[in-house]
1. If I filter the stretch 210-235 down to residues being among the aliphatic types (A, V, I, L, M) and in contact with a helix residue (DSSP H, G or I) (Cβ under 7 Å, 6 or more places away or on another chain), which single residue comes out as nearest to V180 (Cα to Cα)?
2. Filter the stretch 170-213 for residues that are more than 19 Å from the chain's Cα centre (by Cα) and touching a residue at least 60 places away in the same chain (Cβ under 8 Å); which is most open to solvent (accessible area, probe 1.4 Å)?
3. State all residues of the stretch 152-169 that are under 13 Å from K106 (Cα atoms) and loosely packed, with under 14 Cβ neighbours inside 10 Å; if no residue qualifies, say none.
4. Among (1) surrounded by 24 or more Cβ atoms within 10 Å (Cβ to Cβ); (2) of a type outside the set (S, T, N, Q); (3) at pLDDT below 95, there is one condition A118 misses while meeting the rest; what is its number?
5. For the subset of the stretch 75-97 comprising residues that are over 22 Å from L197 (Cβ atoms) and among the small types (G, A, S), which member is least open to solvent (accessible area, probe 1.4 Å)?
Amino acid sequence: MHRYKIQFILSRILRRISNILYRLHDIVLSSDYYLHYYYPALSPDSSETILPVSNRLFRYRMRNVFGLISDHEASTLLTLCVSQNLKGDVVEIGSYLGKSTLYLAKACQISNNGIVHAVDTFKGNPGLEKRYEKQAYPGMNIFASFGRNIKNLHLEQYINVHKMTSHEAAKKFKKKARIVFIDADHSYDAVQKDLKLWMNNVMPGGLLILDDADIDTAQVVHAAQNAIDHSSFTLLLHINRLLIYRRLPYS
């Protein structure tokens, strides 16, 4: 009996150590230093374009902004956006309450480079509307909560909101973007549809990024493999749950 108790305690300790190591691995991979030194292709002039991304006031204010994207993934988006040497805007498909939107907008502010076009119906995924509404501020719907978050972070001038479907926005958005970030409905068909609608809006050298590309949402990875034009895009990174493609120059 005593032996089994020791085994149980040891297994708990080993599990705790494993979780800590996984967490440290996650932090290192999403750091701006790691991206800068191990993936210089993200920014050919990285020594001149990488800017300090730690902003204590911004991060302090972001503590109350709920989002389905992790802090590390959001920080990775910020670093990628700041480090680009391309000039242009960012398109986000699926904004929800604005967490990733705000990180991308902060990057635009830091680098003085473009704005974020936030595309969302602000109703939640079809069939899951009530689930998404639960995270909104009391007495407010998703769209009102999104607006409150944007106002609280004082980044209104860096965000252009398109309250419509991805299909509706794609018909109106004619210019190229330096980043297209897709984080909407994660079903296979929906991801394929968004990719086909938006991947041609990525400028040469720009980034096409998908979130929630992991074991639990394998359909995102499968949809990307089948829908993306691999003669024009190359897989740059699969970091945390972010799947990052780069459009080849002159493609």
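The values are calculated or read from the model by the stated rules, or taken from the named source; none is laboratory data. Here the structure is a predicted model, which is why all the values come from computation and not from measurement. Here the Cβ positions follow ideal geometry from the backbone for every residue, glycine too, while neighbour counts run over all protein chains shown. What goes into the accessible areas is simple: the full protein's heavy atoms, side chains included, and nothing from ligands, DNA or RNA. Shrake-Rupley method; radii C 1.70, N 1.55, O 1.52, S 1.80 Å.
1. Looking only at the stretch 210-235, we keep the residues that are among the aliphatic types (A, V, I, L, M), and these are 210, 213, 215, 218, 220-221, 223-224, 227-228, 235.
Remaining after also requiring in contact with a helix residue (DSSP H, G or I) (Cβ under 7 Å, 6 or more places away or on another chain): 210, 213, 220, 223-224, 227-228.
On the way: L210: 9, A213: 15, V220: 15, A223: 16, A224: 14, A227: 15, I228: 13 Å.
This residue is L210.
2. In this case the residue turns out to be K175.
3. Correct list: H154, E156, Q157.
4. (3)
5. Of everything passing the filter in the stretch 75-97, S83 is least open to solvent (accessible area, probe 1.4 Å).
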